[in-house]
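**Student:** My questions all concern the structure below.
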Amino acid sequence: MAAESPKTDGPRSLMPAELQHPQSEYSQWKFKLFRVKSMEKAPLPSKPMPDSISQSVLSSSEGFNTREDFSRSPGSIMKLCMGGKSKENVEGPGRRVDQKLQEMEMHMNHLRSLCRVCGKALTKAKGPAHDVNGNLDEASKLALRKMGCKFTNWSEVILKVFKEDVSEDTEAVHPLSFCHSCWMTAIRGGGFCSFTRTYLAVWKPHTSHCSLCIPKKALLQRAARKRFKAIPKAQSLSKKPRWDNSHCIFVGERRVLQPFGDCHGPVLKAGRKPSIQREQWVRNITHCQNDHLSTKLISGKLPQDFISSLTCMVCDHLLSDPVQSPCGHLFCRSCIIKFNHTLGPYCPACNFPCTSDNLIRPPKTFSSALSSVPLRCPYDGCGEQVRLDSFKSHCLSHEQQRDTCQNSEEVTNYLQINKGGRPRQHLLSLSRRAQKHRLRDLKKHVRIFADKEEGGDLKSVCLTLLILTLRSGNEHRQADELEAMMQGRGFGLSAAVCLAIRVNTFLSCSQYHKMYRTVKVTSGRQIFQPLHTLRAAEKELLPGFHQFEWQPALKNVSKSSNVGIINGLAGWLSSVDESPADTITRRFRYDVALVSALKDLEEDIMEGLRETGMEDCACTASFSVMIKECCDGMGDVSEKHGGGPVVPEKAVRFSFTVMSVSVQPDNEEQEVIVFTEPKPNSELSCKPLCLMFVDESDHETLTAILGPIVAERNAMKESSLILSMGGLPRSFRFHFRGTGYDEKLVREMEGLEASGSAYVCTLCDASRTQAAENMVLHSITRSHKENLERYEKWRTNPFSESVDELRDRVKGVSAKPFIEIHPTLDALHCDIGNATEFYKIFQDEIGEVYKKVNPCREERRCWRAALDKQLRKKMRLKPVMRMNGNFARRLLTLEVVEVVCELVPSEERREALRKLMRLYLQMKPVWRATCPAKECPDQLCRYSFNSKAFADLLSSTFKYRYNGKITNYLHKTLAHVPEIIERDGSIGAWASEGNESANKLFRRFRKMNARQSKAFELEDVLKHHWLYTSKYLQKFMEAHKDSITALQATIDQTETQNNEDVSLMDNNNL
């Protein structure tokens, strides 16, 4: 044993070697001295014990009746030596529980004599005490009604006046009454405020150092003197006092002073039996006398052990809704929960650790035996023996004789919860089908009444019933709001509607609060909700609110689901150059953002399932979710306000769009689409994921910030999301397409050379010369995987080639591909690039470049000035420094060509320009349409012919410009559009137009949330931009389009009528 002690964990491993032998040579006083010191080092009973000690205690608690068993257990000997003669070593578990019950009873008696609000004794205030959760008496209600207060419960008054919530108070921690002084304070304040300063008391659960049970002397606290411990005198020599100390609490061998306050409850006297006292203690904790049945109702002479097995070990009643602890003891569910809440998570029988989560139902054999126990009917004149499971129905048959029976109140309040089957669930917790099934009879009767009395207006009948139910429960405010909505007047907008109005109108906090106060003062009603209610509504719509699970778990991603806005630089302390990151970025976690986006589309997805006729049983497979990713720079976003570190004033946004949700029904091969984004290129559907102050040309910083996003994306590809949708857990698989990138960003992400490179296309391996010679016949050959392989060849040079030979082998790959981008054509940037090319063709045709060899810069400047002047004069097109989408749309029309032809001298060249524009306008709808097979099938069929004619016209009439060279967007337009549409079905739906159109939103939200710190400013912009794209708020905005008219209708009719009268008088005077 001496050899094992040094290896033991915890402070008890420091025990001297002399105490580890049964026969010690130490004297008695040395042993006592060591025991006192060890008691100071030993942990308190409330602290967790080490595993080794807890195992020894459990093993010794099974057979602790004799001194021999105690001496045989080495762990018990150590505990006795180290802990001293404490109540946990010498006394049994039943005695320890009684000690706890006695302490709790004394503590609750002290609480009953104190005020809940101020903490003073109730006897000091001259007047009656009041129940904190009780209803207002008539005098108080009348006094408060005179001052405009309509509360009916004291808990509401206390919450309003003292700002203290007492609705969830427990008897073991808080007093249940408040004094007459606090009552006077509440009455004088009219139930709304307090005119006198009241110091609220702080209540804490009972502990071994409770200030109520063992108060400290105020003298020592005021003087701030050190309190010396008095030398304990021998207990045997002290004279026994004359007064009764039976109500004092004993802890170990020391006697504590008489508790503070008056003792109103029962105290353990010398003449009262411990069993009776224990029953009184438990009765004050559980309060189950009117709910559970007594064992005296059992008829017949059953064995006492059998009756004990059917009895709750807390309340000594028959088991009601029985549960079993891990140690094998049986209790009523409500009793053991209240007992653990009051005295701690331990078993009342053996003091074994036991929480409410560890409770299980007993076996069915025991439940059947409990249900078959015969009980004697307590009603006078009956005396019939009834089984426990049918006892309730039998007693309900005596309802007519309830007034003559003395025990009727005890019996009729009893509800047998456990009937052997599944417990009955609440109506609101059921599915929609189960709710219809349970209420089918009521619905039938209400429909008959509505058809007979109200002309079939079923909605009005149900709403009227709801109003009457609310008024019967004194919920008049909700009833008034519902009644106002039924009458078409409107009472107040919900928090979600107010949030939608604020976000869509770009109101700052101060602007919204000013509008809220102005409307409230003008109309006399609270139509808009205050800001704090809007912040509460935001939490449900922002990422981090819904619970979810990934199967299998995501690699290198946290499992927590309540993650909001995080720092994009988290986990990245420095760059490759070992210099601090000179940027600010904020983002959502990718998986959490996707969960929030799906929950926002829950109504649309469930509506799609109902329209396709698929029930829940047909949707056992995983849902497939298609995600479009976009990333683009927003240019210069500098503002005058904002401080903090110096960062680049160029910003980049990474966003995504949920394009479609599909599911494959059982026994079918083809997937069924249940949701499709109706506006894929709108800023309302493009959800922001990451905002960063960084230049898009800074490849190093950009790839470092987007690195965690790429890792999360790759992890989600290999896992399935388990999310509750429509009340059922469903599985989702995600498919990502990075299509919303412009030419510059595609080349950076895929590691290709810049756009001026000889390799003109990001989809094929053709060089600029090859693309100019053959403008149509090309196919898509590049991919992310192939670019990675070519980068390895570029890095290693396995064939020892020269630079030109190696560059030709890898086809322009000069850096490591970073993000997998779907090989496609961006419709928006293709339109902008082609418009830029047409703008240059117009200039060349005005100056007749086909006749000249090398025109100078001044001549080209004059041609451009003439073109801009003509467009401004005829088409009202102002010149732009850089081509954008709006200018490109207005430029590529036949009307613009006719205006330009006025400046072209040759008729032949005019006709060539008109033909070139007609062919382009025939091809344009194919890549701009969301679904070209449905929207423009004729142009889709003629696309190859039109592209060949367009290419022939460029290579012949406009040969001076396209002799051996061609732009990248013209090459993609002529060569790759049919192949992309055949593969993906559309080009326009996967464009980056939504991300581009959201650039103006960034500037507007930044002005809306102007703050001193750019980091907090970026968080506000990201949050409000996400709320702006919420489908839930968009539906509210659709329903409240005429909010201004509705706002004017809420103003009193007398004021509007007076204004109309004044306006009529003014018109008559005129």
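Matching residues to (1) modelled with pLDDT under 90; (2) open to solvent by 10 Å² or more (accessible area, probe 1.4 Å); (3) not in a loop (DSSP other than H, G, I, E, B):
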{"site": "Arg1011", "(1), (2), (3)": "yes, yes, no"}
{"site": "Phe1016", "(1), (2), (3)": "yes, yes, yes"}
{"site": "Trp1026", "(1), (2), (3)": "no, no, yes"}
{"site": "Gln1034", "(1), (2), (3)": "yes, yes, yes"}
{"site": "Glu1038", "(1), (2), (3)": "yes, yes, yes"}
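**Student:** Within the range 973-1008, track down each residue that is in a loop (DSSP other than H, G, I, E, B) and open to solvent by less than 10 Å² (accessible area, probe 1.4 Å). Spell out the reasoning first.
**Tutor:** Our first condition is that a residue be in a loop (DSSP other than H, G, I, E, B); within the range 973-1008, this holds for 976, 985-987, 991-992, 998.
Matches in the range 973-1008: His976, Ser986, Ile987, Ala991, Ser992, Ala998.
**Student:** Additional query: Please state which one of Glu908, Glu993 is modelled with pLDDT of 90 or more and of a type in the set (D, E, K, R). Steps first, please.
**Tutor:** Details: Glu993 fails: modelled with pLDDT of 90 or more.
So the residue among Glu908, Glu993 that is modelled with pLDDT of 90 or more and of a type in the set (D, E, K, R) is Glu908.
**Student:** Against the conditions (1) touching a Ser or Thr at 6+ places or on another chain (Cβ under 6 Å); (2) surrounded by fewer than 17 Cβ atoms within 10 Å (Cβ to Cβ); (3) modelled with pLDDT under 85, where does Gln547 fall short? Just the number, please.
**Tutor:** It is condition (3) that Gln547 fails.
**Student:** For the range 140-179, which positions are of a type in the set (S, T, N, Q) and either farther than 26 Å from Ser472 by Cα or open to solvent by 60 Å² or more (accessible area, probe 1.4 Å) (or both)? Please lay out each step first, then the result.
**Tutor:** First pass over the range 140-179, keeping only residues of a type in the set (S, T, N, Q): 140, 152-153, 155, 167, 170, 177.
Scanning the range 140-179 gives Ser167, Thr170, Ser177.
**Student:** Within the range 920-931, which residues are of a type outside the set (Phe, Trp, Tyr) and either buried (at least 19 other Cβ atoms within 10 Å of the Cβ) or in contact (Cβ under 8 Å) with a residue 60 or more places away in the chain (or both)? Reasoning before the result, please.
**Tutor:** Of the range 920-931, the ones of a type outside the set (Phe, Trp, Tyr) are 921-926, 928-931.
Gln922, Met923, Lys924, Val926, Arg928, Ala929, Thr930, listed by residue number.
**Student:** Also, quick follow-up: Looking at the range 655-670, can you tell me whether even one residue there is outside any strand (DSSP E or B), of a type in the set (A, V, I, L, M), open to solvent by less than 20 Å² (accessible area, probe 1.4 Å) and in contact (Cβ under 8 Å) with a residue 40 or more places away in the chain? Steps first, please.
**Tutor:** Just the residues of the range 655-670 that are outside any strand (DSSP E or B), to begin with: 664-670.
This time we only want the ones that are of a type in the set (A, V, I, L, M), so: none.
Within the range 655-670 (the criterion being outside any strand (DSSP E or B), of a type in the set (A, V, I, L, M), open to solvent by less than 20 Å² (accessible area, probe 1.4 Å) and in contact (Cβ under 8 Å) with a residue 40 or more places away in the chain), the answer is no, since none of the residues qualifies.
**Student:** Any idea how many residues of the range 180-194 are surrounded by fewer than 20 Cβ atoms within 10 Å (Cβ to Cβ) and either among the small types (Gly, Ala, Ser) or not in a helix (DSSP H, G or I) (or both)?
**Tutor:** Taking the range 180-194 first, the residues surrounded by fewer than 20 Cβ atoms within 10 Å (Cβ to Cβ) are 180-181, 184, 187-190, 192-194.
Then drop every residue that is not either among the small types (Gly, Ala, Ser) or not in a helix (DSSP H, G or I) (or both), which leaves 181, 189-190, 192-194.
Total satisfying the criteria: 6.
**Student:** Checking Phe945 against (1) in contact (Cβ under 8 Å) with a residue 40 or more places away in the chain; (2) out of contact with any Asp or Glu (no Cβ under 8 Å at 6 or more places or on another chain); (3) among the hydrophobic types (A, V, I, L, M, F, W, C); (4) under 22 Å from Cys764 (Cβ atoms), only one condition comes out false. Which one?
**Tutor:** So the condition that Phe945 fails would be (1).
**Student:** Is it the case that some residue within the range 780-788 is exposed (fewer than 13 other Cβ atoms within 10 Å of the Cβ) and in a helix (DSSP H, G or I)?
**Tutor:** As a first pass, look at the range 780-788 and keep what is exposed (fewer than 13 other Cβ atoms within 10 Å of the Cβ): 785.
Checking which are in a helix (DSSP H, G or I) leaves us with 785.
Yes, the range 780-788 has at least one match.
**Student:** Hey, could you check the range 120-135 for residues that are assigned to a loop (DSSP other than H, G, I, E, B) and within 38 Å of the chain's Cα centre (by Cα) and say which is surrounded by the fewest Cβ atoms within 10 Å (Cβ to Cβ)?
**Tutor:** Going residue by residue through the range 120-135, those that are assigned to a loop (DSSP other than H, G, I, E, B) are 120, 122-129, 132-134.
Among the residues that remain, those that are also within 38 Å of the chain's Cα centre (by Cα) are: 132-134.
Values: Val132: 23, Asn133: 15, Gly134: 12.
By that ranking, first place goes to Gly134.
**Student:** Would you check which residues across the range 802-823 are assigned to a loop (DSSP other than H, G, I, E, B) and either at pLDDT 90 or above or open to solvent by 40 Å² or more (accessible area, probe 1.4 Å) (or both) and list them? Walk me through how you get there before you give the answer.
**Tutor:** In the first step, residues of the range 802-823 are kept if they are assigned to a loop (DSSP other than H, G, I, E, B); the result is 802, 811-812, 814-823.
Within the range 802-823, Ser802, Lys811, Ser814, Lys816, Phe818, Glu820, His822 meet the criteria.
**Student:** State whether one or more residues within the range 413-426 are modelled with pLDDT of 85 or more, open to solvent by less than 70 Å² (accessible area, probe 1.4 Å) and on the phi > 0 side of the Ramachandran plot.
**Tutor:** No, there is no match, as no residue in the range 413-426 is modelled with pLDDT of 85 or more, open to solvent by less than 70 Å² (accessible area, probe 1.4 Å) and on the phi > 0 side of the Ramachandran plot.
**Student:** So which residues in the range 519-553 are among the β-branched types (Val, Ile, Thr) and free of Cβ contacts under 8 Å to residues at least 40 places away in the same chain?
**Tutor:** Pass one, the range 519-553, residues among the β-branched types (Val, Ile, Thr): 519, 521-522, 527, 533.
Matches in the range 519-553: Val521, Thr533.
**Student:** Something else now. Would the range 352-374 turn up any residue that is in a loop (DSSP other than H, G, I, E, B) and aromatic (Phe, Trp, Tyr)? Quick ask: steps written out before the conclusion?
**Tutor:** Narrowing the range 352-374 to residues in a loop (DSSP other than H, G, I, E, B): 352, 354-355, 359, 361-363, 372-373.
This time we only want the ones that are aromatic (Phe, Trp, Tyr), so: 352.
Looking for residues that are in a loop (DSSP other than H, G, I, E, B) and aromatic (Phe, Trp, Tyr), one finds at least one in the range 352-374, hence yes.
**Student:** Then there's this: Without any contact (Cβ under 8 Å) to a residue 24 or more places away in the chain and either in contact with a Ser or Thr (Cβ under 6 Å, 6 or more places away or on another chain) or open to solvent by 20 Å² or more (accessible area, probe 1.4 Å) (or both): does that describe Lys915? I'd like the intermediate steps shown before the answer.
**Tutor:** Working: without any contact (Cβ under 8 Å) to a residue 24 or more places away in the chain: no; either in contact with a Ser or Thr (Cβ under 6 Å, 6 or more places away or on another chain) or open to solvent by 20 Å² or more (accessible area, probe 1.4 Å) (or both): yes.
Here the answer is no, as Lys915 does not meet what is asked.
**Student:** Moving on to the next point. Pairs only if they're at least six apart or on different chains, beta carbon under 9 angstrom, first in the range 838-865 and without any contact (Cβ under 8 Å) to a residue 24 or more places away in the chain, second part of a helix (DSSP H, G or I) and among the β-branched types (Val, Ile, Thr); list them, first residue then second.
**Tutor:** Pro855/Val849; Arg860/Val849; Trp863/Ile846; Trp863/Val849; Arg864/Ile846
**Student:** Find all pairs meeting these conditions: Cβ atoms under 8 angstrom apart; at least six residues apart or on different chains; first residue within the range 880-909 and aromatic (Phe, Trp, Tyr); second residue open to solvent by less than 20 Å² (accessible area, probe 1.4 Å).
**Tutor:** Phe887/Ala835; Phe887/Leu877
**Student:** Please work out which residue is nearest to Tyr759 (Cα to Cα), limiting yourself to the range 960-982 and to residues that are among the charged types (D, E, K, R) and touching a residue at least 12 places away in the same chain (Cβ under 8 Å). Can you show your working first?
**Tutor:** We begin by selecting, within the range 960-982, every residue among the charged types (D, E, K, R); these are 961, 965, 972, 979, 982.
Pick out the ones that are also touching a residue at least 12 places away in the same chain (Cβ under 8 Å) and you get 961, 965, 972, 979.
Numbers: Arg961: 19, Lys965: 11, Lys972: 13, Glu979: 20 Å.
Among those that are among the charged types (D, E, K, R) and touching a residue at least 12 places away in the same chain (Cβ under 8 Å), it is Lys965.
**Student:** Does the range 340-350 contain at least one residue that is open to solvent by less than 50 Å² (accessible area, probe 1.4 Å), within 21 Å of Glu103 (Cβ to Cβ) and in contact with a Lys or Arg (Cβ under 7 Å, 6 or more places away or on another chain)? Working first, answer last.
**Tutor:** Step one: filter the range 340-350 for residues open to solvent by less than 50 Å² (accessible area, probe 1.4 Å), giving 340, 342-344, 347-350.
Within this subset, residues satisfying the condition of being within 21 Å of Glu103 (Cβ to Cβ) are 340, 342-344, 347-350.
Now narrow it down to the ones that are in contact with a Lys or Arg (Cβ under 7 Å, 6 or more places away or on another chain): 343.
Within the range 340-350, one or more residues are open to solvent by less than 50 Å² (accessible area, probe 1.4 Å), within 21 Å of Glu103 (Cβ to Cβ) and in contact with a Lys or Arg (Cβ under 7 Å, 6 or more places away or on another chain).
**Student:** Taking the range 995-1026, which residues are closer than 22 Å to Phe656 by Cα and touching a Leu at 6+ places or on another chain (Cβ under 8 Å)?
**Tutor:** Glu996, Phe1002, Leu1018, Val1021, Leu1022, Lys1023, His1025, Trp1026
**Student:** Only one of (1) touching a residue at least 12 places away in the same chain (Cβ under 8 Å); (2) surrounded by fewer than 21 Cβ atoms within 10 Å (Cβ to Cβ); (3) more than 30 Å from Arg653 (Cβ to Cβ) fails for Ala771. Which number is that?
**Tutor:** Only one criterion is unmet by Ala771, namely (2).
**Student:** Taking into account only those residues within the range 594-630 that are among the hydrophobic types (A, V, I, L, M, F, W, C) and at pLDDT below 85, which is nearest to Glu820 (Cα to Cα)?
**Tutor:** Quick first cut of the range 594-630, residues among the hydrophobic types (A, V, I, L, M, F, W, C) only: 594-595, 597-598, 601, 605-606, 609, 614, 617-619, 621, 623, 625-627, 630.
When the remaining residues are screened for being at pLDDT below 85, the result is 614, 617-619, 621.
On the way: Met614: 35, Cys617: 36, Ala618: 34, Cys619: 31, Ala621: 27 Å.
Result: Ala621.
**Student:** State all residues of the range 860-883 that are surrounded by fewer than 14 Cβ atoms within 10 Å (Cβ to Cβ) and either acidic (Asp, Glu) or part of a loop (DSSP other than H, G, I, E, B) (or both); if no residue qualifies, say none.
**Tutor:** Result: Arg876, Lys878, Pro879, Val880, Met881, Arg882.
**Student:** Restricting the search to the range 271-302, which residues are modelled with pLDDT of 70 or more, part of a loop (DSSP other than H, G, I, E, B) and either open to solvent by 80 Å² or more (accessible area, probe 1.4 Å) or in contact with a helix residue (DSSP H, G or I) (Cβ under 9 Å, 6 or more places away or on another chain) (or both)?
**Tutor:** Correct list: His287, Cys288, Gln289, Asn290, Asp291, His292, Leu293, Ser294, Lys301.
**Student:** Restricting attention to the range 95-118, does a residue exist that is at pLDDT below 85, open to solvent by less than 60 Å² (accessible area, probe 1.4 Å), at positive phi and of a type outside the set (Asp, Glu)?
**Tutor:** No: zero hits.
The values are calculated or read from the model by the stated rules, or taken from the named source; none is laboratory data. Being a predicted model, the structure only gives us computed values, none of them experimental. Don't worry about glycine lacking a Cβ; one is built from the backbone with ideal geometry, like all the others, and counts go over all protein chains shown. Side chains are part of the model used for accessible areas, which takes the heavy atoms of the whole protein and leaves out ligands, DNA and RNA. Shrake-Rupley method; radii C 1.70, N 1.55, O 1.52, S 1.80 Å.
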